[in-house]
Amino acid sequence: MESSHKQTKRIALCAILSGLSLAVLYIGALSGIFDLCAVIVGALGIAFVVLEIGGIYPWLTGAVTGILCLLLLPDKFVALEYLVLGALYPIIKSLLERFAKILSWALKLIYFNSALTVCVLLAMFVLHSQDFVSASWPVIFAAGNVFFVIYDIALTSFISVYVLRLRKRLKIKGLK
């Protein structure tokens, strides 16, 4: 059984990261321009929780932040983007990268295209966004897949730099 001090540290860190992610996402949603940048910053918080704490904590942090985004952000599509790319993807990425590289990439692209389809359909039929017309779907999916590959590579680079260089300097102890 783990100590209550260690569990308290984990919960506090997850709460702080949720609050920071929500603040960044709120600014991104208000700007209308930096929404994807805000989602990526939110994903870094989840990736940190995956690396340093693991277990159920990344799922809980993503769920709390996602629910707060859905409730508080003025632009609900940003909340949807966060749920798919910021909250879920770093966790799914850590699971899928245990497979062979080709299978891992195939499963990642299947995940992204499925999630993008759900997001576009929700935007069209639930959020009633007029930005998505059927003629633009090929452009949305082509640009989305290019963005996703770049995002995945950038997230992998961040994780590598953190693990190889920053983790020793930060000296975070007592979380696992």
Quick one: in the stretch 1-27, of everything that is surrounded by 15 or more Cβ atoms within 10 Å (Cβ to Cβ) and among the basic types (Lys, Arg), which residue is nearest to the chain's Cα centre (by Cα)?
10
Which of the residues spanning the stretch 69-127 are under 20 Å from residue 137 (Cα atoms) and among the hydroxyl-bearing types (Ser, Thr, Tyr)?
111, 114, 117
If residue 72 satisfies all but one of (1) open to solvent by 60 Å² or more (accessible area, probe 1.4 Å); (2) at pLDDT 90 or above; (3) within 17 Å of residue 147 (Cβ to Cβ), what's the number of the condition it fails?
(3)
Number of positions in the stretch 91-108 that are farther than 20 Å from residue 46 by Cβ and part of a helix (DSSP H, G or I):
5
Residues located in the stretch 25-43, provided they are in a helix (DSSP H, G or I) and farther than 20 Å from residue 91 by Cα
26, 27, 28, 29, 30, 31, 35
Spot the failing condition for residue 54; the list is (1) assigned to a helix (DSSP H, G or I); (2) open to solvent by less than 30 Å² (accessible area, probe 1.4 Å), and only one is missed.
(1)
Here are the criteria: (1) crowded, with 16+ Cβ neighbours inside 10 Å; (2) under 15 Å from residue 151 (Cβ atoms); (3) at pLDDT 90 or above. Tell me which single one residue 119 does not satisfy.
(3)
If you check every pair at least six apart or on different chains, which have Cβ atoms under 8 Å apart with a residue in the stretch 153-176 that is modelled with pLDDT under 90 first and a residue that is among the charged types (D, E, K, R) second?
172/52; 174/6; 174/9; 175/6; 175/9; 175/10; 175/52; 176/52
Which condition breaks for residue 87 when tested against (1) open to solvent by 30 Å² or more (accessible area, probe 1.4 Å); (2) under 30 Å from residue 166 (Cβ atoms)?
(1)
Can you name the condition, by its number, that residue 41 falls short on among (1) open to solvent by 50 Å² or more (accessible area, probe 1.4 Å); (2) hydrophobic (A, V, I, L, M, F, W, C); (3) touching a residue at least 60 places away in the same chain (Cβ under 8 Å)?
(3)
Matching residues, the stretch 86-116, being under 12 Å from residue 148 (Cα atoms) and of a type in the set (A, V, I, L, M)
109, 110, 115, 116
If a residue has to be surrounded by fewer than 20 Cβ atoms within 10 Å (Cβ to Cβ) and more than 14 Å from the chain's Cα centre (by Cα) to count, how many in the stretch 28-38 make the cut?
5
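The values are calculated or read from the model by the stated rules, or taken from the named source; none is laboratory data. Only a predicted model underlies this, so the values are computations on that prediction, with no experimental measurement involved. With ideal geometry, Cβ positions are generated from the backbone for all residues, glycine too; neighbour counts draw on all protein chains shown. Ligands, DNA and RNA are stripped out before the accessible areas are found, and what is left, the full protein with its side chains, is counted by its heavy atoms. Shrake-Rupley method; radii C 1.70, N 1.55, O 1.52, S 1.80 Å.
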